[in-house]
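The values are calculated or read from the model by the stated rules, or taken from the named source; none is laboratory data. Quantities reported herein were computed from a predicted structural model and do not represent experimental measurements. As a convention, Cβ positions derive from the backbone with ideal geometry for all residues, glycine included, and neighbour counts pool all protein chains shown. Please note that ligands, DNA and RNA were not included when accessible areas were found on the heavy atoms of the full protein model with its side chains. Shrake-Rupley method; radii C 1.70, N 1.55, O 1.52, S 1.80 Å.
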Amino acid sequence: MRDMSKMQGIDPGRFIPVRADEKIAVKDLVVDPMTISHDAADPVGYRVTYGSRKICICTDLGCYTDYTVECLKDADVLLLEANHDINMLQVGPYPYHLKRRILGEHGHLSNVTSGQLLSRVLNDHMKGIFLGHLSKENNFPELAFETVRVEIMCADTDYRPEDLPIRVASRSKPSGVVEF
């Protein structure tokens, strides 16, 4: 990034290397990057804590593991990828190699897989759940929302989807404020 022409005027001391599982303090916030499975150079999701409060941002992952679940549990607010509907992707206009990439372990979470992961990290103090990084071509907000709700209903959990603060993040405008 430092070599990019747009970055030339920025003080080099402002650049902070980000590495998975190496915490970074930014004033009162602690940023704790987590390893994710995606086809990029050292991709990470983020856990941001302020005192006992925790926000997690987890997009661009092709699959999840117990490590992912451990990183996301106890979140107060979670932005989780629900990128695509598998059927829409399979019959959609993307070339075969791109479909394989998206469906692979280093691609993107489907609505179903997002719901399954969410079912494993739900907790009593969750104040906001945002489904994000939805594909414009292979998903609909209503479909992502309902698929995730069905996965929670079918999961072995005491949580009921209608009692959860689930929203779909907009591509074009802020999603609103969550106070906690």
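Before moving on, here are some points about what is shown:
- Annotation note: of 76, 60, 42, 85, the sole residue that is under 22 Å from residue 128 (Cα atoms) and open to solvent by 20 Å² or more (accessible area, probe 1.4 Å) is 60.
- Residues in the range 140-160 include at least one that is aromatic (Phe, Trp, Tyr) and over 22 Å from residue 124 (Cα atoms).
- Of all residues making up the range 124-165, the number that are touching a Gly at 6+ places or on another chain (Cβ under 9 Å) and β-branched (Val, Ile, Thr): 4
- Where residue 155 falls short, out of the listed (1) open to solvent by less than 50 Å² (accessible area, probe 1.4 Å); (2) under 22 Å from residue 50 (Cβ atoms); (3) modelled with pLDDT of 95 or more; (4) more than 14 Å from the chain's Cα centre (by Cα): (2)
- For the range 1-31, the set of residues classified as among the β-branched types (Val, Ile, Thr) and open to solvent by less than 80 Å² (accessible area, probe 1.4 Å) consists of 10, 18, 24, 26, 30, 31, listed by residue number.
- Scanning the range 141-157 for residues that are in contact with a Leu (Cβ under 9 Å, 6 or more places away or on another chain) and either closer than 17 Å to residue 59 by Cα or without any contact (Cβ under 8 Å) to a residue 24 or more places away in the chain (or both) gives 141, 144, 145, 148.
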